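Structure first, then comments.
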Amino acid sequence: MPDNMILPPEATGAEEEPCSSQNINDTIVVSACQKKDGKRVYNKRHYCLYCSKPYAKMARHLESAHKSKPDVAKALSFTKGSNERKRQLHYIRNKGNFAHNAAVMETGKGELVASKRRNVEALGKDFMHCAHCQGLFTRKVLWRHMRSCKLKPGSVAPKPGKNRVQSMCKYTGPVPSHIKKELWEVISGMNPDPITDIIQHDRVIIDIGQHLLNKGGPSDKNKQNVREKMRELGRLIQSARRVTTLKTMEALINPKNYMETVKAVKFTCGFESDTSRFLIPSLALKLGNALVKVCRLLKAQGLISNNKELVKNASEFLDVHEEKWNEMISATALRNIREAKWNVPTLMPFTEDVQKMHAYLSQMQDEWHKSLSESPSTKAWIVLAKVCLAQIILFNRRREGEVASMPLSAFLTRDSTDPHEDVDWALSEVEKKLCRHFSRIVIRGKRGRPVPVLLTSKMLCVLELLVEQREACGVLKDNGYMFARPGAMTHFRGSDCLRGFAKECGAKCPKSLTSTRLRKHAATLSTVLNMTNTEMDQLANFLGHDIRIHREFYRLPEKTLQLAKISKVLMALEQGRLAEYHGKNLDEIGIDPDEKALDSEEDKGSVEEGNFSTVDEPSAEETLPPTEGGEMQLPTCKRRKPPSSDDEMPSSSAMEPFPKGRATQKKKKKKMPWQKTEVQAVERHMNRFIKSCIVPAKSDCEKCLRAEPEALQNRDWQNLKFYVYNRITAFKRKVQRK
């Protein structure tokens with residue numbers, strides 16, 4: 001067996017160290033219901049919330065000794081024997097028992113007081129407190145009690161399943177002294193498992209969780225992020241206990257144990273030594289960053305508490321980590337991630353599919369808007385909310401999680417004022433209409449960035465109807481999400497909505513219609529627009545991208561670039577025609593893959609050049625029109641590089657369609673002068689190329705021919721291309737003379 005092979009836990013024989021939380025109630029018992037002569041003995045005692053003493057008749061004790069307390073006074077204000085009076089007194093009694101049980105669980109001494117006692121004595125670990133009434137029940141019947149608990153708030157929906165109920169109730173006990181209440185709420189959202197137990201009892205993980213919670217704020221998104229980071233470290237400790245002798249996070253952050261830490265990381269991420277691959281390479285990178293954060297936090301704590309040993313260990317671990325981590329972990333993980341992407345097909349949405357989905361959602365919107373307006377129902381509200389959620393994601397190209405978690409307050413407090421009068425003068429009439437047609441909402445985006453969401457008038461109308469019918473359709477009052485689930489405290493998932501509607505609308509490739517691919521589609525296709533840097537910044541800000549990332553990654557796919565651009569150079573080299581494209585960029589090279597290479601002199605002489613054997617000086621009416629001031633100006637904003645003044649193309653062979661000597665080998669055709677109707681037809685479609693000093697491609701010329709079949713019936717695509725080229729050359733010469 002190889003020495004470097006990491007064994008599974010069952011092969012190593014290593015056992016997980018039991019957490020104290022698993023055994024906290026092993027010595028604590030719940031007394032049984034007693035009987036004498038076959039009859040039940042009523043000797044149960046309840047503990048007072050205010051004086052912490054046991055009493056058999058708690059209602060009588062509260063009325064005689066604590067009637068001045070606000071909660072007791074409120075309970076006694078109701079009619080004697082009424083259900084509300086009993087409910088209030090029952091809750092006060094349960095709170096007193098809960099306080100007593102918390103003290104017993106903390107000290108490990110005494111007996112727990114259960115709401116219902118069993119016939120035999122039971123261990124305390126078999127019981128849990130109800131999250132609503134704080135009564136103590138056995139785990140097996142807790143789910144049944146919570147379904148009918150009289151103190152359950154109306155805004156809380158019942159959780160299905162016994163395990164989920166126990167997960168909800170596990171953390172209703174007292175908050176441990178070493179954990180703050182805010183962080184305890186974060187931990188309470190985790191499933192009760194060995195990793196959660198490790199997290200609760202590791203001081204360093206608790207500190208890093210509190211640090212991240214303080215840094216990111218109390219938002220639900222940040223709480224989920226803190227939860228994930230804490231569980232990553234918990235998994236690392238769990239793996240370390242299986243394959244090493246290390247038991248705590250502080251032991252992992254020790255320079256002497258660095259190789260043991262690396263071994264635990266490899267085990268956690270499923271490292272295969274034979275193939276040098278990680279099953280989860282991204283987790284390896286995350287753990288590396290997490291270890292750095294832990295080191296820095298421990299170093300800061302050591303400096304504050306003047307713990308020199310802690311500072312030394314953290315500093316030296318960082319030095320070793322910086323030197324060895326790339327060699328041991330990250331280089332391999334990054335290589336695995338890159339290799340996994342090499343032959344993965346790039347899925348991009350088809351424009352036809354996007355249009356189909358827009359049309360389908362619009363139809364669904366009209367149908368269910370009418371249904372909800374006429375007869376409110378939960379089903380109509382759900383479908384309309386899902387349709388509107390998908391529409392907003394699709395129209396704005398927004399991340400699905402950002403729109404799905406939109407708070408109701410963001411919609412209700414949106415800015416509905418008209419644009420400022422001083423700004424109106426800078427807008428065109430079309431832009432002014434657009435400002436009045438769309439509404440804008442700002443929501444929280446990635447990394448806390450404010451990102452806008454634009455709403456059409458129809459979307460706005462639908463959202464207003466959804467808000468109006470929320471409570472009538474079963475949406476809980478305390479649910480603060482715009483797209484809330486009726487009867488729950490959560491919201492609909494945008495990815496689920498998009499996936500469902502993509503299949504229903506009949507799209508050719510439903511898998512491509514995801515929020516991520518739609519965003520990349522918009523950002524990538526924006527590169528074909530002649531956008532200034534300012535406009536590109538505005539688009540990146542709207543999409544919530546960092547402009548550097550936007551420019552680096554959101555380009556045409558590498559596969560497309562290589563097939564469409566680089567192949568031109570390779571074909572020109574193959575045919576020996578690279579010299580023909582002297583001074584041109586890749587966009588200006590037009591070469592047909594079906595075009596035959598001119599290998600023989602006989603082939604060269606048979607090519608019909610039309611009137612392109614020489615470049616003529618255009619006439620006065622063919623020159624570009626002057627500006628309003630009467631002067632010629634070069635265009636300033638160009639995406640492609642125009643031919644520069646240094647390119648002496650009229651005197652070079654590259655300026656001619658074919659090298660010198662080729663035209664003398666055949667009989668020249670008579671030139672046909674350009675008619676006024678032909679010039680006007682070309683300028684209607686090709687004027688943008690002339691003004692931007694860009695020679696059109698073959699496809700652009702063929703589009704012009706198809707658009708003007710009558711006016712240009714005696715011309716081919718080469719005639720059009722050289723006509724535009726002549727105009728550009730004359731324009732440049734005229735500017736140079738000035």
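A short reminder: the numbers here are calculations on the coordinates, not readings from a lab. Every value quoted in this text rests on a predicted model; they were computed, and no experiment measured them. Positions of Cβ are backbone-derived with ideal geometry, glycine not excepted, and every protein chain shown enters the neighbour counts.
Using a Förster radius of 35 Å, what is the FRET efficiency between Lys286 and Trp342 based on their Cβ-Cβ separation? Nearest 0.05, please.
Numbers: r = 23 Å, r/R0 = 0.65.
Plugging the Cβ-Cβ distance into 1/(1 + (r/R0)^6) gives 0.95.
For Ile443, list long-range residues whose amide hydrogen, built 1.01 Å from N in the peptide plane, is under 5 Å from its own amide hydrogen.
It is Val451, Val453, by chain and number.
Could you give the length gained by full extension between Lys308 and Ala331, i.e. 0.36 nm per residue of separation minus their alpha carbon distance, to one decimal place?
Here the answer is 5.0 nm.
Any chance you could run the full-extension gain for Lys324 through Val442? It's 0.36 nm times the residue separation minus the Cα-Cα distance, nm to one decimal.
Full extension from Lys324 to Val442 adds 38.1 nm.
Could you compute the FRET efficiency for Ala73 and Val41, with r as their C-beta to C-beta distance and R0 at 45 Å, rounded to 0.05?
0.85
Which entries in Lys116/Lys150; Lys266/Lys446; Lys215/Lys446; Lys53/Lys109; Lys44/Lys86; Lys379/Lys477 show an alpha-carbon gap greater than 20 Å?
Lys266/Lys446
Would you please give the residues with an amide H less than 5 Å from that of His46, counting only those at least 5 places away or on a separate chain, with H modeled from the backbone geometry?
Tyr55, Ala56
Output wanted: per-residue J couplings in Hz (rounded whole) for the range 334-350, from phi through Karplus 6.51 cos²θ - 1.76 cosθ + 1.60, θ = phi - 60°, x for Gly and Pro.
Computed from phi, the couplings for the range 334-350 are 5, 5, 4, 5, 5, 5, 5, 9, 4, 10, 7, x, 8, 8, 10, x, 7 Hz.
Sort Tyr42, Tyr55 by Cβ crowding within 10 Å, fewest neighbours at the top.
Lowest count first: Tyr42, Tyr55.
Taking 0.36 nm per intervening residue step and subtracting the Cα-Cα distance, what contour gain separates Glu316 from Arg117 on full extension?
Details: separation 199, 0.36 × 199 = 71.64 nm, distance 5.67 nm.
Computed gain between Glu316 and Arg117 is 66.0 nm.
Taking H placed 1.01 Å from N in the peptide plane, check which residues at least 5 places from Ile28 or on another chain put their amide H under 5 Å from its amide H.
Counting only residues 5 or more places away or on other chains, the set is Gly124.
Beyond a 29 Å Cα-Cα separation, which of these cross-linked pairs lie in this structure: Lys247/Lys299; Lys676/Lys734; Lys247/Lys286; Lys223/Lys256; Lys39/Lys74?
Lys223/Lys256; Lys39/Lys74
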